[in-house]
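Right, one structure below, let's go through it.
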Amino acid sequence: MVAIGEQLREAREARELTLQDIERATRIRAKYLRALEEENFEVLPGTVYVRGFLKTYARELGLDPEPLLAQVGAAPEAIPEPVLSGTFLAEPLQPTPLPITSIVSTLAVLILIGALSVGVWWAYPRRDQLMALFALGSAPAGATPAPPETPPGVAPLITATPTFIFQPTIPPDSTATATPVPTATIPPRPTSTATPGGPTLTPAPPRPVEGVRVQVELTETAWILVRVDGEQAYIGTLPPGETREWQGKESVFLRTGNAGGVRLILNGQDQGLLGRQGEVINRTWERNPEGGLPVQVEPTMTPVPTTTGD
């Protein structure tokens, strides 16, 4: 029996095609096609991908894939297909009524925040006067309150304490020498000048994301199945507004029954919605050894064989 890789290589060379030609036609990476021809199946992510890639490659070359699949071995257990309900693959969700206590608590918090905002808005332009009043109220008896700080570039405000001078009545026949009242000179308060050219802190560049990080944001209800590095990480239905994230070292597989309700963020970059409303899709992303975004792999899934009774 001719080996699988030899049959594929001979069929490709007979049609005068390169691995790059097959990659463009099937959207399977050239390194996986070369692994099939060399029967180096360990390079592929798993047995499901080996059979899916082999079937697609054989059909592109005009070969019957069934004998080749028979040489690979029995098909592994396939991932169960989600059951569509209407136009969405989702379970009906009943809205949870909000308790009265939560509504009252929320309103009380909003009123308190509004009152604090109005108080700050009213007190901020009058902060100097309010600080002077507080200083007078807290100063001990007989103490002279210190003048307020003068901002840089503003002339100091000199406040004078009124002095009452009582002059006695001098009879016309007497002579008196008036003693001048000494006046105190208040020196201006020194102003501080900021020294420009201080040290400038340069933020550290963001650390690159290693592996595959998949984040989803639900805009509509959707059923989702996720496998991280070959192990199932999540399966269930998520409501609108929910956000989930999974981190894999080598690969992340995602299946959803409502691609139009799932927004994808791949390694921190927004990729938009996965597809159309109610569309069932399968996506696999693998770590890019050369850096940058992970590589998307779209294998052709092998259908589960069905038997018909007599």
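The figures follow:
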| item | result |
| --- | --- |
| Sequence-distant residues sharing a close amide H with Gln271 (under 5 Å, placed H) | Leu264, Ile265, Leu266 |
| Arg9, Arg127, reordered so the largest accessible area comes first (probe 1.4 Å) | Arg127, Arg9 |
| Per-residue SASA entry for Tyr57, accessible area with 1.4 Å probe, Å² rounded to 10 | 0 |
| Accessible surface ranking that places the most exposed of Leu274, Leu116 first, with a 1.4 angstrom probe | Leu116, Leu274 |
| Full-stretch length increase - Glu66, Asp128 - with 0.36 nm per residue and alpha-carbon distance subtracted | 13.5 nm |
| Zone of Gln277's modelled label, taken as backbone nitrogen in the range 228-247 under 16 Å from a point 7 Å along Cα→Cβ | 240-241 |
| Label-point separation in nm, Gln247 to Val109, each point 7 Å along Cα→Cβ | 2.9 |
| Accessible heavy-atom area order of Glu231, Glu16, highest first, probe of 1.4 Å | Glu16, Glu231 |
| Per-residue ³J(HN,Hα) for the range 4-15, Karplus 6.51 cos²θ - 1.76 cosθ + 1.60, θ = phi - 60°, Hz, x for Gly and Pro | 4, x, 5, 4, 5, 5, 5, 5, 5, 5, 5, 8 |
| Distant-in-sequence amide H partners of Asn288 (H built 1.01 Å from N, under 5 Å) | Val295 |
| Probe 1.4 Å - accessible area at Thr237, Å² to nearest ten | 40 |
| Cα→Cβ-extended label distance, 7 Å offset, between Leu116 and Ala25, nm | 6.8 |
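The values are calculated or read from the model by the stated rules, or taken from the named source; none is laboratory data. These figures come from a predicted structure and were not determined experimentally. All Cβ positions, glycine included, derive from the backbone under ideal geometry; neighbour counts span all protein chains shown. The accessibility values were calculated without ligands, DNA or RNA, using every heavy atom of the protein model including side chains. Shrake-Rupley method; radii C 1.70, N 1.55, O 1.52, S 1.80 Å.
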